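No value in this document is a laboratory result; all are computed from the given coordinates. Quantities reported herein were computed from a predicted structural model and do not represent experimental measurements. All Cβ positions, glycine included, derive from the backbone under ideal geometry; neighbour counts span all protein chains shown.
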């Protein structure tokens, strides 16, 4: 999977803003604010990557046990999917 | 035809009744900074509108403000009033009283106040200073004038009880994004977001709950002017 390049991530006034563009901007009518881990995951999804690769990247950067990381990552990816922000 | 809008020399053919709307922006000669050609227009996206003049107006508006992003400039859905060379910008969703509030400025300040654009002024950052410009894309009432003024502040209007608050930069992002052209392509979004970042940090931005009281203009003017005068205090 990778992230949908129709979204643009940028730090605006200290907040990581994920903005849809084009057709999606009209459809979604809003933006997402990501926290640091969210922005880290988004950047990791720039290249085609697997769930396992993503998980190990997160665990090497943040102090978190595998079970929690897996659960939170799934939740975050589901949120991104609901905004059509992930290309499988 | 050549025009000068927001300090940009624009070359654009005579689309529909646009020349009538744009006569005060005509320029006789000069180097072209921006071109809007027939091939730039995507008229089909307005197919539910019947009036071809209106379609040209909407589409040239969309194209001009999208191209403006390459000149450190953006549209804000707002009414812009100029007093003593400074622009006071009133923005917010439709129905929150932007034009009404701008109208109160004319009542309270008389000839000292001028509305330079009553719907979609251009905002540009030039050498670190933000300016508001009148443009021909100014809404139904047609109120605009070919003028430029440094921005004193921006105020988002809401309905409620006479409370004005200064917003923190990060509180302003959603407000600003909701009132600008954000149906743009990724490359343009990469220009818009950095601009919104600078606007949020550099321009005092307020939120004003109002119910169109005759004294409202005096209130927003004094609060916004004061913030502008003190804008360098925090940095000292």
- Roughly how large, in nm² to one decimal, is the mean projection of the convex hull of the alpha-carbon atoms in the range A:9-70? 5.3
- Message: At a 10 Å Cβ-Cβ cut-off, how would you order A:31, A:1, B:37, fewest neighbours first?
- Response: B:37, A:1, A:31
- Task: Report the full-extension gain for the segment residue B:162 to residue B:127: residue separation times 0.36 nm, less the Cα-Cα distance, to one decimal in nm.
- Result: 9.1 nm
- Item | Euclidean distance of C-alpha centroids, the range B:62-138 and the range B:164-219, integer Å | 12
- Query: Say R0 is 30 Å: what FRET efficiency, to the nearest 0.05, do residue B:2 and residue B:45 get from their beta-carbon distance?
  - Reply: 0.65
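Would you mind ranking B:90, B:208, B:71 so that the residue whose beta carbon has the fewest other beta carbons within 10 Å leads the list?
Least crowded to most crowded, the residues run B:71, B:208, B:90.
Sort B:2, B:42 so that the residue with the fewest other Cβ atoms within 10 Å of its own Cβ comes first and the one with the most comes last.
Details: B:2 15, B:42 10.
So the residues, fewest neighbours to most, are B:42, B:2.
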